[in-house]
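Nothing in this text is a laboratory measurement; each read-out follows from the coordinates by a stated rule. Quick caveat: nothing in here was measured; it's all calculated off a predicted structure. Quick reminder, even Gly has a Cβ in these numbers, built from the backbone with ideal geometry, and neighbours come from all protein chains shown.
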Amino acid sequence: MKIRTGFVSNSSASSFCIFGCEISEEDLRKLLADNGITVTEGEDESFSSYEYEDELAKKTGLEIHNWDYSYWVGKSWSTIGGEETGNQFKESVQQKLPGRECKTIQEAWMDG
């Protein structure tokens, strides 16, 4: 049996664990606008959240994850402060996502 220990270049995997919510593209656009981020449309009018991830993170500390037209917005549990309690962390995220039900979301997928 041969075991490969090097990088496999023909596959791709991704995963995340955040406290937040799954939202529609329309709701994501509203969240961006509510935080002063202007969404510009290209010639093909397709929406890409990748263009706005850094700006939203700088303004709110929130992350955007997407796969196959699904969008998840929240904050990684690994960013919890040393003196911050779990409830304080949850409340700080919930305040940034008003009117939305937040929970811990774990997703993983492999493409290839």
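Is region 93-103 home to any residue that is free of Cβ contacts under 8 Å to residues at least 24 places away in the same chain and in a helix (DSSP H, G or I)?
Looking through region 93-103, at least one residue is free of Cβ contacts under 8 Å to residues at least 24 places away in the same chain and in a helix (DSSP H, G or I).
Listed here are the residues, each with its yes/no results for (1) within 18 Å of Glu22 (Cβ to Cβ); (2) touching a Leu at 6+ places or on another chain (Cβ under 8 Å); (3) surrounded by 13 or more Cβ atoms within 10 Å (Cβ to Cβ); (4) of a type in the set (A, V, I, L, M, F, W, C).
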{"position": "Ile37", "(1), (2), (3), (4)": "no, yes, yes, yes"}
{"position": "Thr40", "(1), (2), (3), (4)": "no, no, no, no"}
{"position": "Ser46", "(1), (2), (3), (4)": "no, no, no, no"}
{"position": "Glu53", "(1), (2), (3), (4)": "yes, no, yes, no"}
{"position": "Asn66", "(1), (2), (3), (4)": "yes, no, yes, no"}
{"position": "Gly82", "(1), (2), (3), (4)": "no, no, no, no"}
{"position": "Lys96", "(1), (2), (3), (4)": "yes, yes, yes, no"}
{"position": "Glu101", "(1), (2), (3), (4)": "yes, no, no, no"}
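Answer yes if at least one residue in region 30-52 is of a type in the set (D, E, K, R) and either in contact with an Asp or Glu (Cβ under 9 Å, 6 or more places away or on another chain) or in contact (Cβ under 8 Å) with a residue 12 or more places away in the chain (or both), and no otherwise. Within region 30-52, none of the residues are of a type in the set (D, E, K, R) and either in contact with an Asp or Glu (Cβ under 9 Å, 6 or more places away or on another chain) or in contact (Cβ under 8 Å) with a residue 12 or more places away in the chain (or both). Quick check: anything in region 43-50 touching a helix residue (DSSP H, G or I) at 6+ places or on another chain (Cβ under 9 Å) and among the aromatic types (Phe, Trp, Tyr)? Within region 43-50, one or more residues are touching a helix residue (DSSP H, G or I) at 6+ places or on another chain (Cβ under 9 Å) and among the aromatic types (Phe, Trp, Tyr). Scanning region 53-65 for residues that are aliphatic (A, V, I, L, M) and either in contact (Cβ under 8 Å) with a residue 24 or more places away in the chain or more than 21 Å from Gln106 (Cβ to Cβ) (or both) returns Leu56, Leu62, Ile64.
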